[in-house]
């Protein structure tokens, strides 16, 4: 071999291959950040449950075991009453979902009317906001008188508590359109109907899903509080009766199951948002 011939030495080639196989700093950073987002809340939750099980909060707040049951007692109550809790959770979720869909649809229609006819819009939005300011404890007896003591009365309570968030958010989304987009639509002589279908409603969808995510929690609260007053089934009914007869582990199991159902409800809406808003710049980024 001539001295001026160039080529990889036997040691340089494996070193290059090893370097090529090493992950980049950006991929390591993404992996570590995603792992941290999962591990840190998990560790915090485990520490919280451990301190609760060891009665740290009981000593700090001077609580008795019947006032704040231990996580092990709550888990045992959930397991022993799993069929009852599952049945009552389905009942409460039916009220919450039905009322939320009706309230969100009504709020969206109000936002459409308020945007299409601005003179009427301010008054309708004020009425919706005033309805949302009425306490649930005042709505429950009224809805019970109107719709009876069945599931429909709790769905009406949920509808009344979710209509305002949708109306206000959807109206904001329909109004906050780009002036350049409006000028372009007007230059094509677009009708008001075409303006709504092609510009205002698509622009309002991120605001609509934000309102839906707010309404997932509001609907569960409305359904459970409504069941406190007039119901023979549901998590709110079971929670109220458990507190009256001092079955606190069962009462806390209702709270835990309701929280889990609310989280799952929220995640479903968030998944729908990712599916239907994949075109939005915030999703692409």
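The values are calculated or read from the model by the stated rules, or taken from the named source; none is laboratory data. Because the structure is predicted, anything quoted here is derived from the model rather than measured. Cβ sites come from the backbone with ideal geometry, for glycine too, and all protein chains shown count toward neighbours.
Within the option set 151, 100, 159, being closer than 24 Å to residue 232 by Cβ, out of contact with any strand residue (DSSP E or B) (no Cβ under 7 Å at 6 or more places or on another chain), crowded, with 17+ Cβ neighbours inside 10 Å and modelled with pLDDT under 90 holds for one residue only, 151.
Scanning the stretch 228-244 for residues that are buried (at least 20 other Cβ atoms within 10 Å of the Cβ) and either out of contact with any helix residue (DSSP H, G or I) (no Cβ under 8 Å at 6 or more places or on another chain) or not in a helix (DSSP H, G or I) (or both) turns up 231, 234. Filtered by the rule that a residue be over 17 Å from residue 221 (Cα atoms), in a helix (DSSP H, G or I), in contact (Cβ under 8 Å) with a residue 60 or more places away in the chain and over 21 Å from the mean Cα position of the chain (by Cα), the stretch 245-283 gives 248, 249, 250.
Considering the stretch 47-153, the qualifying helices (runs of 4 or more DSSP H), each wholly inside and each with 1 or more residues that are within 23 Å of the chain's Cα centre (by Cα), run over 82-116, 118-132, 136-147.
Which is touching a residue at least 60 places away in the same chain (Cβ under 8 Å) and over 29 Å from residue 116 (Cβ atoms), of 140, 155?
Being touching a residue at least 60 places away in the same chain (Cβ under 8 Å) and over 29 Å from residue 116 (Cβ atoms) holds for just one of 140, 155, which is 140.
Each row is one residue, and each column tells you yes or no for (1) under 30 Å from residue 234 (Cβ atoms); (2) modelled with pLDDT under 75; (3) loosely packed, with under 12 Cβ neighbours inside 10 Å.
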site: 5; (1), (2), (3): no, yes, yes
site: 16; (1), (2), (3): no, yes, yes
site: 19; (1), (2), (3): no, yes, yes
site: 33; (1), (2), (3): no, yes, yes
site: 56; (1), (2), (3): no, no, no
site: 66; (1), (2), (3): yes, no, yes
site: 92; (1), (2), (3): yes, no, no
